[in-house]
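K.L.:
I have a structure here, written as structure tokens, and I will follow up with some questions on it.
The values are calculated or read from the model by the stated rules, or taken from the named source; none is laboratory data. Keep in mind it's a predicted model, so treat the numbers as computed, not measured. Glycine gets a Cβ as well: all are built from the backbone with ideal geometry, and neighbour counts include every protein chain shown. The area values use the complete protein model at the heavy-atom level, side chains included, leaving out ligands, DNA and RNA. Shrake-Rupley method; radii C 1.70, N 1.55, O 1.52, S 1.80 Å.
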Amino acid sequence: MKPSPFDYAAPATVAEAVALLGDAEHEAKVLAGGQSLVPMLSMRLARPDVLVDITRIPGLGRCVSGDAGELRIGAAVRQAAVAADPAVRAGWPLLAAAIDRIGHPQIRHRGTVCGSLAHHDPAAELPAAAVALDARFVLAGPSGTRTVPAAEFFVATFQTALAEDELLTEVVFPAQPAGRGWAFDELARRHGDFATVGVCVLLDRIGDAAAAARVVFCGAGPVPVRLPAAEAALTGATLDADTLAEAARVVRAELEPPGDVHASAEYRREAAAHLLTRTVTAA
């Protein structure tokens, strides 16, 4: 398989990259890790006129903590680098766990965090983690920079709030409360496959009870699916077998996953209920 012919550009600044993306006469695609784009090129599912390689732009390769303790991940930062960072594993362990379940080591060493988020496969791990952790997306365009919360960034399958003439320059994860429980788990047909269904859970506890909960599924809809009803079933309740059973019942009643060649909707719904009880226990 061979891609259609294309030109290659390696801008030195964000402004140059945005100008290339905004050229109305030529369709341009951003190249960072290429783990999604290159297969699409090879199968001619994507036929851009220009590939805009952003990996040489200064500043986009940084993964740093901001003044408010937030984690700022630039558009060229590799997934493996984020997951291996001791500060990330200590402060944002859910993010590190989600990255650890992406594909295989070779993919994580080339793929970027921002690239996976901008690509937005709804079965991917990072979009769900971004919603669970209230991430913010910094988008640079011809009119300047704007910030979009994760809850508004993911629009539909392979669609985001990112305009064609905008570049996702970084994703920002707020600092997490000390002692917050967390867990990520997924069901996949084989190790390294996209999730048939997966779930992120965050828990703030007071003793044996949950003071607050966050539940977000991947592989359960066209965007990451947050389930407030399941969160309500957990919040304020002692985290015992009865509470877990009620939360699982809510998942079975409220979740509306798709059915496809990989799994029926009923199978995904039942798997999601079991995953929720397991992740809440772990969290």
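K.L.:
Which pairs do you get when a residue that is in contact (Cβ under 8 Å) with a residue 60 or more places away in the chain and open to solvent by less than 20 Å² (accessible area, probe 1.4 Å), found in the stretch 118-143, comes within reach of a residue that is in a loop (DSSP other than H, G, I, E, B) and among the basic types (Lys, Arg), reach meaning Cβ atoms under 9 angstrom, with the pair 6+ apart or on two chains?
P.N.:
Matching pairs, first to second residue: Glu125/Arg101.
K.L.:
Which of the residues that make up the stretch 255-280 are exposed (fewer than 14 other Cβ atoms within 10 Å of the Cβ) and at pLDDT 95 or above?
P.N.:
Glu256, Ser264, Glu266
K.L.:
Continuing with this model, one more query. List, please: which pairs have Cβ atoms under 8 Å, are six or more places apart or on different chains, and start with a residue in the stretch 29-40 that is in a loop (DSSP other than H, G, I, E, B) and end with one that is of a type in the set (A, V, I, L, M) and crowded, with 19+ Cβ neighbours inside 10 Å?
P.N.:
Partner pairs satisfying both residue conditions: Ala32/Ile54; Ala32/Ala75; Ala32/Ala76.
Okay, residues lined up against (1) in the same structural domain as Ala17 (by the TED database); (2) crowded, with 23+ Cβ neighbours inside 10 Å; (3) under 16 Å from the mean Cα position of the chain (by Cα):
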site: Leu71; (1), (2), (3): yes, yes, yes
site: Val77; (1), (2), (3): yes, yes, yes
site: Ala90; (1), (2), (3): yes, no, no
site: Ala96; (1), (2), (3): yes, no, yes
site: Thr112; (1), (2), (3): yes, yes, yes
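Rundown of residues vs (1) surrounded by fewer than 24 Cβ atoms within 10 Å (Cβ to Cβ); (2) over 16 Å from Ala271 (Cα atoms), yes/no style:
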position	(1), (2)
Arg146	yes, yes
Leu162	yes, yes
Ala195	no, no
Pro222	yes, yes
Glu231	yes, yes
Arg249	yes, no
